[in-house]
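Novice: Quick one: structure below, then a few questions.
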């Protein structure tokens, strides 16, 4: 059995398929393969398909027997590649090149071999892709507010790729055809996710790249610390406050009897660095020198966090000089009498 397994690994390229053609008797599969459960004995013209040990980058499927021909399809072949189809009567026999494909050919029509049981494999006949090590993955942002994100991959193409979310066991990888703009589905809970991107070259070598994403679907909370009350007696205020998380954008609009101004800049003045979470948390901010006029003044504050969630807060301040009952005192300094 060990010798057969070694031959399978040595001789099989791609996701090969073992096909047994039942003419007058049920073919015997080697002990390393699973016998077809759907093949009843003494049944003519039945095609059995059993998956052999996985080798990345290529999958062979069959549409069955049509007359005296047999149809094979390459499901995960590189669309720019050229492949040959080989046949062997058993796993220790010599592989015979049945047909040479052309560039981009993925469907093959083969004459049924004489033996009633045998094996097929597809191998790449042109220069294989082996540059998966040079592939890079980039992202619009590592802070997102949706569980479905996209990545951009440069280099390649790879023979196959895989994506693992919060799973460092690469044996769990499900290999799929290469895409330069793959979708990544996170879970629905807010938090930090570790995403592994795997790329296989046509030589079977695997390369992994890791990225961390923070899913945040909650808008930032805003607390105003100054002015303390809604009635002020100064015609210019310093609007101050803080947010519980890092901010990427902060602006305000001002509406009063003098008119309306929008998209005025506000500034983050300090940040708290959480050494346990390795990120900035509390952000203190200030809107400098906000001019008010008599009566009601409405300030609309727009705060956006790193994931793109926005909070809009309306603040009302009334400028009222009625509390100013002490007139100013004037003392002449120069010239003297």
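Novice: On the basis of being part of a loop (DSSP other than H, G, I, E, B), buried (at least 16 other Cβ atoms within 10 Å of the Cβ) and either in contact with a strand residue (DSSP E or B) (Cβ under 9 Å, 6 or more places away or on another chain) or at pLDDT below 75 (or both), does residue 137 make the cut?
Specialist: Spelling it out, it is not the case that residue 137 is part of a loop (DSSP other than H, G, I, E, B), buried (at least 16 other Cβ atoms within 10 Å of the Cβ) and either in contact with a strand residue (DSSP E or B) (Cβ under 9 Å, 6 or more places away or on another chain) or at pLDDT below 75 (or both).
Novice: Continuing with the same structure: Test residue 254 against the stated conditions and say whether it is within 30 Å of residue 185 (Cβ to Cβ), surrounded by 15 or more Cβ atoms within 10 Å (Cβ to Cβ) and free of Cβ contacts under 8 Å to residues at least 60 places away in the same chain.
Specialist: Considered against the rule, which asks whether it is within 30 Å of residue 185 (Cβ to Cβ), surrounded by 15 or more Cβ atoms within 10 Å (Cβ to Cβ) and free of Cβ contacts under 8 Å to residues at least 60 places away in the same chain, residue 254 comes out as no.
Novice: Which residue is surrounded by the most Cβ atoms within 10 Å (Cβ to Cβ), if the candidates are limited to segment 193-209 and must be over 14 Å from residue 153 (Cβ atoms) and modelled with pLDDT of 90 or more?
Specialist: 193
Novice: In segment 62-96, which residue that is assigned to a loop (DSSP other than H, G, I, E, B) and over 21 Å from residue 125 (Cβ atoms) is modelled with the lowest pLDDT?
Specialist: Looking at the filtered set, the residue picked out is 67.
Residue-by-condition table, conditions (1) free of Cβ contacts under 8 Å to residues at least 24 places away in the same chain; (2) under 9 Å from the mean Cα position of the chain (by Cα):
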| site | (1), (2) |
| --- | --- |
| 134 | yes, no |
| 153 | no, no |
| 162 | no, no |
| 167 | no, no |
| 170 | no, no |
| 173 | no, no |
| 180 | no, no |
| 186 | no, yes |
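Novice: Just the residues that are in a loop (DSSP other than H, G, I, E, B) and either closer than 27 Å to residue 279 by Cβ or outside the structural domain of residue 192 (by TED's automatic domain parsing) (or both), please, taken from segment 140-168.
Specialist: Once the filter is applied, which keeps residues that are in a loop (DSSP other than H, G, I, E, B) and either closer than 27 Å to residue 279 by Cβ or outside the structural domain of residue 192 (by TED's automatic domain parsing) (or both), segment 140-168 yields 140, 141, 142, 145, 146, 147, 151, 166, 167, 168.
Novice: Now for a separate question. Quick check on residue 196: is it touching a helix residue (DSSP H, G or I) at 6+ places or on another chain (Cβ under 9 Å) and assigned to a strand (DSSP E or B)?
Specialist: So residue 196 passes the test.
Novice: Here is a further query. So, in segment 216-230, how many residues would count as being surrounded by 11 or more Cβ atoms within 10 Å (Cβ to Cβ) and assigned to a loop (DSSP other than H, G, I, E, B)?
Specialist: The total comes to 8.
Novice: For segment 250-268, indicate whether the set of residues that are closer than 30 Å to residue 165 by Cβ and at pLDDT 90 or above is non-empty.
Specialist: Looking for residues that are closer than 30 Å to residue 165 by Cβ and at pLDDT 90 or above, one finds none in segment 250-268, hence no.
Novice: Among the residues of segment 177-187, which ones are touching a strand residue (DSSP E or B) at 6+ places or on another chain (Cβ under 6 Å) and at pLDDT below 85?
Specialist: Correct list: 178 only.
The values are calculated or read from the model by the stated rules, or taken from the named source; none is laboratory data. From a predicted model like this one, the values you see are computed outputs, not experimental measurements. We place every Cβ from the backbone using ideal geometry, glycine too, and count neighbours over all the protein chains shown.
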